[in-house]
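Asker: One structure is given below, represented as structure tokens, and several questions about it will come after.
We did not get these values from a lab; they are worked out from the coordinates using the rules stated. The model shown is predicted, which means the values in this text are computed figures rather than measured ones. Here Cβ is always computed from backbone atoms with ideal geometry, including for glycine, and neighbour counts include all displayed protein chains.
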Amino acid sequence: MKLKGLISLCLTAGALFIYVSPSMGQTTAPVPQGSLQSLDPAFDVLVSPGAKIAVIASGFEWIEGPVWVEKHKMLLASDVMKNTIYKWTAEKGKEVYLQPSGYTQSGTRGQELGSNGLSLDKGRLLIAQHGDRRIARMDAPLAEPKAQYTTVAGGYEGKKFNSPNDLSVASDGTIYFTDPPYGLENGVNDPLRELSYHGVYKVKDGKVTLMTDTLSRPNGIALFPDGKRVLVANSDGNTPYLYVYDIDKKGDFQNGRIFINTRDTYGAEGGAFDGLKIDKKGNVFAAGSGGICVFNSEGKALGRIKITGRTSNCAFTDNYKTLFVTADDYLLKIEINR
């Protein structure tokens, strides 16, 4: 379905106005609908009751891992199925940025072979590459992308990772990342699988250290602003929790515990979380459970930006006034109050 022109929908009370930007590309999924669910007055400070959501690009297959690049005023995001990183700018909209982005070997293969989580480290692009089963750094400058990579972390104790999924970079350069099986062509039954668990790791100065191997499906990961705690989403319908870990002086995880049980807050709607981001005040914006769920730094549910369809992740601009959301084959933009 080719979307043309500008569509605006005024929904029910507490709803967002949904705009569809022109010339976004081919898509078959329904245009997302949205509304606001406030559970605490603090939510209305974070997200204005009159907030608007814009569908700014479409035609993806499964969009994930967004990161905002302030210097170039662009958003980068992975299409995991298309093995491509796209960029979006206000001037030109959606463009191919980097290809191949996650699987650079010869031959073809199925499933989620491309890049997933993206992050910046000292002006360089870090990529969680499903197909190549590693955390990699793009060798080229951000303004001149090339599909040339250096491996930052490719395995643990002589065994290849499953398929690194998401990552978060600490102020001292330590990279924390998750390693579920989603990028393996046959999942947990893939004959190329070498690790018997799905870990969360850190890599610093080239050394990879296992942080925990107790989560069934570690997925999104984000550090709190002070660097003393980290959240990890477990994308398992049986245990749909956000876990929090303290980070000790060595940068290791301690005292793992449940931060959020989505079913306690959203009942039957409480599905597993995917990607997440934390703002400068420690508020958590987590994709899943029918949109973007917002919690304060202690895990109190503040509200939800309800979005139909599947939401995978989100990212802030550097001033935290704009939230980008990756949702199925759409890229969304929400102007929020800070």
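Asker: Can you list the HN-Hα couplings for the range 73-86, worked out from phi with the Karplus curve (6.51, -1.76, 1.60; θ = phi - 60°), rounded to whole Hz and with x for Gly and Pro?
Answerer: 6, 9, 9, 10, 8, 8, 9, 4, 7, 8, 6, 9, 9, 9
Asker: Does the range 61-323 come out rounded, prolate or oblate, given a ≥ b ≥ c as the square roots of the eigenvalues of its C-alpha gyration tensor, rounded meaning a/c under 1.5 and, failing that, prolate meaning a/b above b/c?
Answerer: Rounded is the answer for the range 61-323, as its axis ratio a/c remains below 1.5.
Asker: With the cut-off at 1.5 for a/c, could you classify the range 91-134 from its C-alpha gyration tensor as rounded, prolate or oblate?
Answerer: Because a/c hits 1.5 or more and a/b fails to exceed b/c, the range 91-134 counts as oblate.
Asker: Points 7 angstrom from Cα along the Cβ direction at D172 and T108: gap in nanometres?
Answerer: Label-label distance for D172 and T108, simple model: 4.7 nm.
Asker: Next up: Rounded, prolate or oblate, given the Cα gyration tensor of the range 66-207, with a/c below 1.5 counting as rounded?
Answerer: oblate
Asker: In the chain, with Lys and Arg counted as +1 and Asp and Glu as -1 at Cβ, which of these residues, G155, I336, T212, has the Cα nearest the positive end of the dipole, that is, farthest along it?
Answerer: My answer, from the dipole projection, is I336.
Asker: Then there is this: Might you report the magnitude of the Cβ-based charge dipole of the chain about its Cα centre, with Lys and Arg at +1 and Asp and Glu at -1, to the nearest 20 debye?
Answerer: It comes to approximately 540 debye.
Asker: What is the local net charge at N313, summed over the other residues whose Cβ is closer than 13 Å to its Cβ (Lys, Arg +1; Asp, Glu -1)?
Answerer: -3
Asker: Please name which of T89, N116, I221 has its Cα lying farthest along the dipole of the chain towards the positive end, using unit charges on Cβ (Lys, Arg +1; Asp, Glu -1) and the Cα centre as origin.
Answerer: T89
Asker: Hey, what number do you get for the chain at 222 nm if only DSSP H runs of n ≥ 4 count, each worth -39500 (n - 2.57), divided across all residues, to the nearest 500?
Answerer: My calculation for the chain gives -500 deg cm²/dmol from helical runs alone.
Asker: Of all trypsin sites (Lys or Arg not before Pro) in the range 101-131, which ones are in loop regions per DSSP and have a Cβ with at most 14 other Cβ atoms within 10 Å?
Answerer: Loop-located and lightly packed - R109, K122.
Asker: Here's a follow-up. Could you list the residues of the range 298-338 with an amide nitrogen less than 14 Å from a label point located 7 Å from the Cα of F224 in the Cα-to-C-beta direction?
Answerer: Only 298-300 fall inside the zone, counting backbone N under 14 Å.
Asker: In nanometres, what is the gap between the two model label sites at D190 and K146, each 7 Å from Cα along Cα-to-Cβ?
Answerer: In this crude label model, D190 to K146 measures out at 2.8 nm.
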